[in-house]
Every structure is written in structure tokens, then in C-alpha cells.
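Read through the structure below, which is laid out as C-alpha cells, and then see the notes.
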Amino acid sequence: MTPIGNPDLTVSFAGIELKNPIIAASGTFGYGIEFEDIVHLDRLGGLVVKGLSKEPMTGNPPPRLYETAAGMLNAIGLQNIGAPAFLTEKLPALRAKKNVVVFANVFGYTRADYEHTIEILNQGEGIAAYEINVSCPNTAHGGIQFGSDPLLLDEVVRTAKRVASRPIIVKLSPNVTSIAQMAYVAQEAGADAISLVNTFLAMAIDPETRRPRIANVTAGLSGPAIKPIALRMVYDAAHAVKIPVIGMGGISTPTDVVEFMLAGARAVQVGTASYFDPVATEKLVEELTAYCREHRIERLRDLTGGLLTD
């Protein structure tokens, strides 16, 4: 089979055009600008900055990371500089980069927190959309409650949509009984897109000391270990809603990207892979291009929802 020339990797969702479907996930790529010396940011489809709150947060005490057999546990606790500092200290440098699509991840403990953080970020220029994090399992309150309760999810999405000047992407938790239900709730509340999945609630114990490996006791599991479950959840969610789906969970190879797109994703986010290889996102763009050439895929976006089940 003769490879094709230049495959079209462009994708779009919620009115946002990306040069390719590879997005650096929130929490593993800093504020983006920290990677500029090793990653050509303009070659990525986009990047999601660390979760932002209305005020700075110190996060959880260490130890906060632990490597597992096929993934990673983290309980960082959404440490961040706060939305006001992001606008003055980080966003201008990102705006100076041409053709870089920036998504702001937003976190809060209450609906008012989400509202205030978004109102602060509305004042900044160069943000393509807000990713509303309703699914973090590593905080003492808030976070996972919003992502696991349909009524609370509905309320926080409606609140965010009411005040946001940009499209809203809702980041869903896998720690639920029905991901399809939560996806549908987010859609009906006004979400322009959904992203999934966030980390799975997990833990590890040191048998020698008989103490938790993570100071927070429980943590979020990510990496290759969660990919098959994440893939199934993306498939379920994509069949439950009409809005675009962004998939994530253990993605590190071109075939991972193709699988998520066949399951229904318009784009994907790459998270844990950036920990073991800081240039993983840019490499994946190159590898995905080669994969499409070799498999004669002329337009990558045509794969979305193309799973054959007959």
C-alpha cells in the first residue's frame, strides 16, 4: 500500500479549529509556557493549563505522586497561582506565541467559586474555551461531588454557562455509575463539549510501614492502566450526546488516538505521558502524521465515531 502525501489532521469542536487533535492535558503541562524550551507549542492542537481557582491554592502535602505498575497516582490537590496571577504572569507569554490554542481549566469548591473564577478569566484575551473541572478526586471538598451528582452537575454547568464569554467544556469524572447519564446532564445544562475521563479514585499502601503511599491516602489513577475503561466511557458518552467529545486516559501512541476517535472523540488530551517523556505531545503529532500516511488516512476527522460493530 502506497503511503499518501500530507494527511489532513485538522479537527474542530465548539467552533474552535485545531491543526491536529493532540491537546496537552491540564495538570501535566504546567501553564504551557514552562514547556516552550523543549516543545514547539504551535505544533500541538492545543494545551489546557493547570486548573485555576479564584485565589492561589497550595495543594496537598507530600508525598503527592506515586508510580504504579501501569500508571501513576497523584494527589496534587490543584495547586495553582490563581486566576488573577495567570492573567498577568502566564497568559501574555502564551498570547505572544503564534497559533497556540489555549484552554483554561477552571476549578472551584462551590458554584460561586466557579462563577468568580470565570468572571476573572473573562477579562483575559487569548483563551479559546473554559474546561470546567467538576471531577477532581483529590480535594477535601468540592470537585468530585459536582461530577458525581447529576443535580449538582446541572447547577454548576448552568452557572458556568451563564457567566462565561467563551465555550464551556465540562470535564467528567469516571467515578460514577453511568457516564452516559452525566454526559447527557452536562449537555442539557448547556455544555458546548465534554472531556473525559479524569482520574479514577485509587490508593496504594506501603506494606513495610503499613502507611499510605500518598499523604492524602487516596489519589487519582491515570496512565495506560485506565485506557480500556476510559475508551469504553468515551464510547458510552459519545452515544449519549450530540455535543463534541474530547477523549483522554492513557493516550501515548498514534493507535491510542485512533481508538479514541473511532469510539467517538473529536480530539484527545495527553496527560501522564508528559511525565515520563516531556516531549510526548509533540512526538505524538509527528507519529500520528506518519500513521495516517502509512494507513492512507486522508482526513483524520473522518474517523470520529467510525467504530464498526457489525
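The values are calculated or read from the model by the stated rules, or taken from the named source; none is laboratory data. Keep in mind that what you see is a predicted model, and the values were worked out from it rather than measured. Don't worry about glycine lacking a Cβ; one is built from the backbone with ideal geometry, like all the others, and counts go over all protein chains shown.
Residues that are out of contact with any strand residue (DSSP E or B) (no Cβ under 9 Å at 6 or more places or on another chain) and of a type in the set (Lys, Arg) within the stretch 44-79 comprise just one, Lys54. Considering the conditions (1) polar (S, T, N, Q); (2) surrounded by 15 or more Cβ atoms within 10 Å (Cβ to Cβ); (3) farther than 27 Å from Asp302 by Cα, Thr58 is excluded by exactly one of them, (2).
Condition check for Ile229 on (1) farther than 23 Å from Gly32 by Cα; (2) touching a Pro at 6+ places or on another chain (Cβ under 8 Å); (3) assigned to a loop (DSSP other than H, G, I, E, B): one failure, at (3). Consider Arg266 carefully, then state whether it is touching a helix residue (DSSP H, G or I) at 6+ places or on another chain (Cβ under 8 Å) and among the basic types (Lys, Arg). Yes. What is the one condition in (1) within 18 Å of Ala265 (Cβ to Cβ); (2) touching a strand residue (DSSP E or B) at 6+ places or on another chain (Cβ under 7 Å); (3) not basic (Lys, Arg) that Tyr184 does not satisfy? Failed condition: (2).
Within the stretch 1-40, the residues that satisfy the criterion of being among the hydrophobic types (A, V, I, L, M, F, W, C), farther than 14 Å from Val270 by Cβ and in contact with a strand residue (DSSP E or B) (Cβ under 7 Å, 6 or more places away or on another chain) are Val11, Phe13, Ala14, Ile16. Figure legend. Inter-residue proximity from the stretch 21-36: first residues without any contact (Cβ under 8 Å) to a residue 24 or more places away in the chain, second residues assigned to a loop (DSSP other than H, G, I, E, B), beta-carbon distance below 7 Å, spacing 6+ or different chains. Indicated pairs: Gly30/Lys50.
Just one of (1) within 19 Å of the chain's Cα centre (by Cα); (2) modelled with pLDDT of 95 or more; (3) surrounded by fewer than 21 Cβ atoms within 10 Å (Cβ to Cβ) fails for Glu67. It is (1). The residue that is nearest to the chain's Cα centre (by Cα), among those in the stretch 255-272 that are assigned to a helix (DSSP H, G or I) and surrounded by fewer than 24 Cβ atoms within 10 Å (Cβ to Cβ), is Asp256.
Scanning the stretch 161-220 for residues that are within 14 Å of the chain's Cα centre (by Cα) and either surrounded by fewer than 20 Cβ atoms within 10 Å (Cβ to Cβ) or in a loop (DSSP other than H, G, I, E, B) (or both) gives Leu172, Ser173, Pro174, Val197, Asn198, Thr199. Gly124 - would you say it is outside any helix (DSSP H, G or I), within 18 Å of Ile243 (Cα to Cα), modelled with pLDDT of 95 or more and in contact with a helix residue (DSSP H, G or I) (Cβ under 9 Å, 6 or more places away or on another chain)? It is false that Gly124 is outside any helix (DSSP H, G or I), within 18 Å of Ile243 (Cα to Cα), modelled with pLDDT of 95 or more and in contact with a helix residue (DSSP H, G or I) (Cβ under 9 Å, 6 or more places away or on another chain).
Among residues of the stretch 247-261 that are over 13 Å from Leu303 (Cβ atoms), those with a Cβ under 6 angstrom from a residue that is part of a loop (DSSP other than H, G, I, E, B) and not aliphatic (A, V, I, L, M), sequence gap 6+ or separate chain, pair up as Gly250/Gly223. Residue under question is Val49, and the condition is that it be β-branched (Val, Ile, Thr) and under 15 Å from the mean Cα position of the chain (by Cα); does it hold? Spelling it out, Val49 is indeed β-branched (Val, Ile, Thr) and under 15 Å from the mean Cα position of the chain (by Cα). Contact map, the stretch 82-100: first residue within 20 Å of Gly27 (Cβ to Cβ) and at pLDDT 95 or above, second residue part of a helix (DSSP H, G or I) and among the acidic types (Asp, Glu), Cβ cut-off under 8 Å, separation 6 or more or different chains; pairs are Val100/Asp42.
Listed residues Lys50, Lys97; which is charged (D, E, K, R), surrounded by 15 or more Cβ atoms within 10 Å (Cβ to Cβ) and farther than 26 Å from Gly250 by Cα? The unique qualifying residue is Lys97.
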